[in-house]
1. Can you list residue pairs whose Cβ atoms sit under 7 Å apart, with the first residue in region A:13-42 being of a type in the set (Phe, Trp, Tyr) and the second being assigned to a loop (DSSP other than H, G, I, E, B) and crowded, with 19+ Cβ neighbours inside 10 Å? Count only pairs 6 or more apart in sequence or on different chains.
2. Just name the residue that is surrounded by the fewest Cβ atoms within 10 Å (Cβ to Cβ) out of those in region B:73-97 that are of a type in the set (S, T, N, Q) and without any contact (Cβ under 8 Å) to a residue 40 or more places away in the chain.
3. What number goes with the only condition from (1) at pLDDT 95 or above; (2) surrounded by 15 or more Cβ atoms within 10 Å (Cβ to Cβ) that B:Lys70 does not pass?
4. Take A:Val80 and tell me if it is part of a loop (DSSP other than H, G, I, E, B), more than 14 Å from chain B (Cβ to nearest Cβ) and surrounded by 14 or more Cβ atoms within 10 Å (Cβ to Cβ).
5. In region A:83-104, which residue that is outside any loop (DSSP other than H, G, I, E, B) and within 8 Å of another protein chain (Cβ to nearest Cβ) is modelled with the lowest pLDDT?
6. Identify all residues within region A:63-77 that are surrounded by fewer than 22 Cβ atoms within 10 Å (Cβ to Cβ) and either within 14 Å of chain B (Cβ to nearest Cβ) or touching a helix residue (DSSP H, G or I) at 6+ places or on another chain (Cβ under 8 Å) (or both); write none if there are none.
7. For region A:1-17, give me the residue count where each residue is part of a loop (DSSP other than H, G, I, E, B) and more than 15 Å from the chain's Cα centre (by Cα).
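The values are calculated or read from the model by the stated rules, or taken from the named source; none is laboratory data. It should be emphasised that the depicted structure is a prediction, and the values quoted were computed from it without experimental measurement. We place every Cβ from the backbone using ideal geometry, glycine too, and count neighbours over all the protein chains shown.
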Amino acid sequence: GDSVTQMEGPVTLSEEAFLTINCTYTATGYPSLFWYVQYPGEGLQLLLKATKADDKGSNKGFEATYRKETTSFHLEKGSVQVSDSAVYFCALSSPSGNTPLVFGKGTRLSVIA
Amino acid sequence: DGGITQSPKYLFRKEGQNVTLSCEQNLNHDAMYWYRQDPGQGLRLIYYSQIVNDFQKGDIAEGYSVSREKKESFPLTVTSAQKNPTAFYLCASNRRQNTGELFFGEGSRLTVL
């Protein structure tokens with residue numbers, strides 16, 4: 001079945017460092033891909049998405065490019081802030097349209113001043 | 001403001017007691033979901049519903065029950081059959097199955113004493 005694998009955390013960075021969180025997927029066909037963010041004590045919220053190959057999703061300085069050839073959707077940010085400390089989830093939406101979103105296990109990011 | 005409301009935010013129960021978690025949405029979404037979140041395990045799907053009076057089991061439905069009598073409401077009952085119920089529970093919804101963007105509530109933290 002469809003699955004998402006993301007790098008295990010926790011990831012600890014200094015403020016203004018470059019961030020990459022790796023995400024790869026397994027799916028039949030062409031899924032839509034998502035990054036969700038969860039701030040402490042809250043639910044998840046959509047950060048960005050891409051619906052077809054080579055699409056780049058972006059929001060709040062974060063970017064991710066849908067790479068079909070490597071089945072990847074890595075999250076990047078050029079300069080992280082303390083306020084970016086959160087748990088980040090990669091997810092995919094099956095192209096069959098018959099099953100709920102599939103989530104990765106999440107990566108905890110801590111940014112220190 | 002439209003959104004998803006979960007209640008209560010914190011709940012304590014004794015072993016052997018059933019407890020019901022409330023989830024209400026005013027987004028006019030067709031599909032609703034319940035997830036369980038444990039440290040290091042990401043999100044696991046308990047139940048989901050695509051339409052009123054219909055619902056499907058997710059990956060970890062044992063020990064849980066749901067109902068969907070109204071479009072806006074999808075309560076989750078954690079029964080005494082659930083062996084390890086202490087967790088953070090998240091409710092989510094979207095317009096229809098597999099449109100991708102899920103909207104989440106702020107979660108309910110259940111602790112069994």
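1. A:Tyr25/A:Pro31; A:Tyr25/A:Phe73
2. By that ranking, first place goes to B:Asn84.
3. Among (1) at pLDDT 95 or above; (2) surrounded by 15 or more Cβ atoms within 10 Å (Cβ to Cβ), the lone unmet condition for B:Lys70 is (2).
4. yes
5. A:Ser93
6. Once the filter is applied, which keeps residues that are surrounded by fewer than 22 Cβ atoms within 10 Å (Cβ to Cβ) and either within 14 Å of chain B (Cβ to nearest Cβ) or touching a helix residue (DSSP H, G or I) at 6+ places or on another chain (Cβ under 8 Å) (or both), region A:63-77 yields A:Tyr66, A:Lys77.
7. Matching residues across region A:1-17 total 5.
Per-residue answers, yes or no, for (1) touching a Leu at 6+ places or on another chain (Cβ under 9 Å); (2) of a type in the set (A, V, I, L, M); (3) within 26 Å of A:Ser3 (Cα to Cα); (4) within 14 Å of another protein chain (Cβ to nearest Cβ):
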{"residue": "B:Lys9", "(1), (2), (3), (4)": "no, no, no, yes"}
{"residue": "B:Thr20", "(1), (2), (3), (4)": "yes, no, no, no"}
{"residue": "B:Phe55", "(1), (2), (3), (4)": "no, no, yes, yes"}
{"residue": "B:Ala92", "(1), (2), (3), (4)": "yes, yes, yes, yes"}
{"residue": "B:Glu101", "(1), (2), (3), (4)": "yes, no, yes, yes"}
{"residue": "B:Glu106", "(1), (2), (3), (4)": "yes, no, yes, yes"}
